[in-house]
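Heads up, the thing below is written out as structure tokens.
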Amino acid sequence: MWMVLSGLGFTAYLTFAKLASGEAHPMVLAFARSFIGLLAVSPILLRRGPSFLATQQLPLILSRSMFGTLGFILSLVAVSDLFSLPLAEFNALSFSRPLFVTILAAIVLREAVGPRRWGAVMVGFIGVLVMVVPGVIFFWLPNAGANDQAFGLAGGLAVASAFFFAGAIILVKRLSGTHSPLQLIVWANLLSTILLIPGAIWYWSWPDAMTWLQILAMSLTGLGAQYAYVSAMSVGDASFLSPMDYLRLPMAAVVDFAMIKLLPGPFVWLGAAIIVSATLYITLRETRLKRSQKA
């Protein structure tokens, strides 16, 4: 139930962001998300005092916040009126995050990644290419033209967002041994708010009352989705819960059809199927390896 609520919350978050982007720049939306998140966790900071933020790994914490901030800025830009990437396609491309996590875990955390998992990563990125570069697998067809192989910039932004979120996840793994989840959440919202102040000032505008309500709803549903996801992972097995995250694709497809009467095309479904298959293989294999090590 927590995982389903997380998917619903994340879909609602992107929906409100897409609606608000008609009047507010994505940089302003990103700042609002961080600032409202900071307000939500400020009672914890006030109650426990400045010592709660004590750390000996400030460079890593700053890097984690920069990766996370870039991740959700790019996600907001991709789905905003600037590029208008359909929510279903964005969610499908966001499933590439575990592929980047595998690569970064091998490079940053020095985790052992065998040839089977590397093969799954390569297969997963074929799925990414199917969506970002339409027709790349079917270039040999007689009717395939130059437009069929065109690069989708909005899709590229979604993939870049997945990469930066993966970097944030890797850094959280590094920091989780010496910091509580609550400390990392407070640091993330505090530093993201500070980092986004210049961009928010540069792109600032005064939206109407309806847009402010959409911004508030975006921020609250985003926080709710994050809380539900953490709650799910804290009480359930990751190998069982991770595949349920893919429910975001049909959820987003429903929203796309309701808002713009658009359903994902065949390349989106095909690419998503390839990515999901690859990430499921990686998840299940990691679970088996962990169990064998414990045994």
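The values are calculated or read from the model by the stated rules, or taken from the named source; none is laboratory data. This one's a predicted model, so the numbers in the text were calculated from it and none came from an experiment. Neighbour counts run over all protein chains shown; Cβ positions are idealised from the backbone, glycine included. SASA here: full protein model, heavy atoms, side chains in, ligands and nucleic acids out. Shrake-Rupley method; radii C 1.70, N 1.55, O 1.52, S 1.80 Å.
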Quiz prompt | Positions within segment 13-49 being small (Gly, Ala, Ser) and open to solvent by 30 Å² or more (accessible area, probe 1.4 Å), in sequence order | solution = GLY22, ALA40, SER42
Exercise. Give the residues of segment 1-33 that are within 22 Å of MET210 (Cβ to Cβ) and polar (S, T, N, Q), sorted by residue number.
Key: THR11, THR15, SER21
Self-check item: Options ALA24, ALA92: the member that is of a type in the set (Gly, Ala, Ser) and part of a helix (DSSP H, G or I)
Solution: ALA92
Quiz item: With respect to ARG97, is the statement that it is farther than 17 Å from PHE165 by Cα and of a type in the set (Lys, Arg) true?
Solution: no
